[in-house]
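Trainee: Sharing a structure here in structure tokens format.
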Amino acid sequence: MIDTVRTIAALRDRVAERRQAGARIGFVPTMGALHEGHLSLVAAALAQCDAVVVSIFVNPTQFGPGEDFEAYPRDESADLEKLEQAGAQLVYLPAVDEMYPENATTVVNVSGITEGLCGGARPTHFQGVTTVVTKLLMQVLPDAAFFGEKDYQQLQTIRRMVRDLDIPVEIIGVPTVREADGLALSSRNLYLSADERREALSLPATLQAVAAKLRQAQGEPAAAHLDWGRAQLLQGGFDSVDYLELRDAETLAVLEGWEGQPARLLAAARIGKTRLIDNIAIG
Ligand code: AMP
């Protein structure tokens, strides 16, 4: 069976043993309900590191009131089997009270880059993410940590945080893994009914279509194309659109049009009780 630990002390012991043996340590934080997207992070970590630590922790502080913390899918034994097959060495499964001792009052807050996009609809989300990721990085002390481009605002926020706080870890972004039909893999896809699953395809399709229009209209205002994309999502079966925006690929500053620079088209939309996000590169 794959090696598992549930306490910070046991985690530190196991990682220290590997480090003393000279291993470069890779770390993949997850919330479980693992799919091929998560496993691609593990594969990227195994390709660059000698030992890979995966955490599974459904972090309560990154869910807002009324969000899906309780309903979030959990399947520890299936996750452990997938990680063993993928070749990860150690799985860290802290309980909530191991992660957050009573009277914990310190948080990590990254301003600017966390405002707007997902931070608009989920105002407390990124503070929960940056606080738990800082704690996880301090607990594991990896050489490199791997995050998916699927959560692009999260990836750029963590890059910024690690730079601003001088946290000695390399942050590595991994491309989004998609189903054959284009839908980005997500643990939340499990919430979709068969009809919603079909309609959800309009998210990647719309991103591709808007990206093509923006590339053709290089140097022109993007607003009309973004409006068209929002309408496409609603027509495709989404009930509401949180955002569809063109942003600078690094700073996430709003772009009024694509001028040929590295840019990202990002969207979040709701279908039934499910909120889906996706993004693609332009340029
Ligand atoms: P989560 O379990 O949703 O918190 O995700 C854990 C990590 O897996 C994050 O770095 C995500 O960006 C990444 N991830 C989730 N879905 C995908 C995907 N489809 N492709 C690549 N990485 C992903």
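Trainee: What's the number of the only condition in (1) away from the ligand (no atom under 16 Å from the Cβ); (2) within 16 Å of the chain's Cα centre (by Cα) that Thr206 fails to meet?
Mentor: Only one criterion is unmet by Thr206, namely (2).
Trainee: Among the strands (runs of 3 or more DSSP E) lying completely within segment 1-80, list those that include at least 3 residues that are crowded, with 18+ Cβ neighbours inside 10 Å. So that I can check it myself, show each step before the final result.
Mentor: Details: elements: 3-5, 25-30, 51-56.
Filter on segment 1-80 gives 25-30, 51-56.
Trainee: Taking only segment 109-126 into account, find how many residues are more than 14 Å from the ligand (Cβ to nearest atom) and buried (at least 18 other Cβ atoms within 10 Å of the Cβ). Break it down into steps so the answer makes sense when it comes.
Mentor: Residues of segment 109-126 more than 14 Å from the ligand (Cβ to nearest atom): 109-117, 119-121, 123-124.
Add one more test, that the residue is buried (at least 18 other Cβ atoms within 10 Å of the Cβ), and what stays is 110, 113-114, 117, 119.
The total comes to 5.
Trainee: Mind checking which pairs have a first residue in segment 33-58 that is among the acidic types (Asp, Glu) and a second that is near the ligand (Cβ under 8 Å from one of its atoms) and at pLDDT 95 or above, Cβ under 7 Å, 6 or more apart or different chains?
Mentor: Cβ pairs passing all conditions: Glu36/Val177; Glu36/Leu185.
Trainee: Just checking, which of Ala104, Ala145 is outside the structural domain of Leu266 (by TED's automatic domain parsing), touching a Pro at 6+ places or on another chain (Cβ under 9 Å) and not in a helix (DSSP H, G or I)? So that I can check it myself, show each step before the final result.
Mentor: Details: Ala104 fails: touching a Pro at 6+ places or on another chain (Cβ under 9 Å).
Only one candidate passes the filter, namely Ala145.
Trainee: I've got another one for you. Right, Val15: under 30 Å from Thr105 (Cβ atoms) and within 23 Å of the chain's Cα centre (by Cα) or not? Quick ask: steps written out before the conclusion?
Mentor: Numbers: under 30 Å from Thr105 (Cβ atoms): yes; within 23 Å of the chain's Cα centre (by Cα): no.
Answer is no for this residue.
Trainee: With within 16 Å of the ligand (Cβ to nearest atom), in a loop (DSSP other than H, G, I, E, B) and either at pLDDT 95 or above or among the aliphatic types (A, V, I, L, M) (or both) as the only criterion, which of Gly173, Gly219, Gly182 stands out? Working first, answer last.
Mentor: On the way: Gly173 fails: in a loop (DSSP other than H, G, I, E, B); Gly219 fails: within 16 Å of the ligand (Cβ to nearest atom).
The unique qualifying residue is Gly182.
Yes/no matrix, rows are residues, columns are (1) modelled with pLDDT under 95; (2) within 13 Å of the ligand (Cβ to nearest atom); (3) touching a Phe, Trp or Tyr at 6+ places or on another chain (Cβ under 8 Å); (4) not assigned by TED's automatic domain parsing to the domain that holds Ile25:
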{"position": "Leu46", "(1), (2), (3), (4)": "no, no, no, no"}
{"position": "Asp50", "(1), (2), (3), (4)": "no, no, no, no"}
{"position": "Val54", "(1), (2), (3), (4)": "no, yes, yes, no"}
{"position": "Asn59", "(1), (2), (3), (4)": "no, yes, no, no"}
{"position": "Gly64", "(1), (2), (3), (4)": "no, no, no, no"}
{"position": "Ala78", "(1), (2), (3), (4)": "no, no, no, no"}
{"position": "Glu81", "(1), (2), (3), (4)": "no, no, no, no"}
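Trainee: Sticking with this structure for a sec: Name the residue, out of Ala51, Ala78, Ala45, that is farther than 21 Å from Met138 by Cα and hydrophobic (A, V, I, L, M, F, W, C).
Mentor: Numbers: Ala51 fails: farther than 21 Å from Met138 by Cα; Ala45 fails: farther than 21 Å from Met138 by Cα.
Ala78 is the lone residue from the list that is farther than 21 Å from Met138 by Cα and hydrophobic (A, V, I, L, M, F, W, C).
Trainee: When you go through (1) free of Cβ contacts under 8 Å to residues at least 60 places away in the same chain; (2) surrounded by 15 or more Cβ atoms within 10 Å (Cβ to Cβ) one by one for Asp166, which number turns out not to apply?
Mentor: Condition (2) is where Asp166 drops out.
The values are calculated or read from the model by the stated rules, or taken from the named source; none is laboratory data. Everything numeric here is computed off the predicted structure, so don't read it as measured data. As a convention, Cβ positions derive from the backbone with ideal geometry for all residues, glycine included, and neighbour counts pool all protein chains shown.
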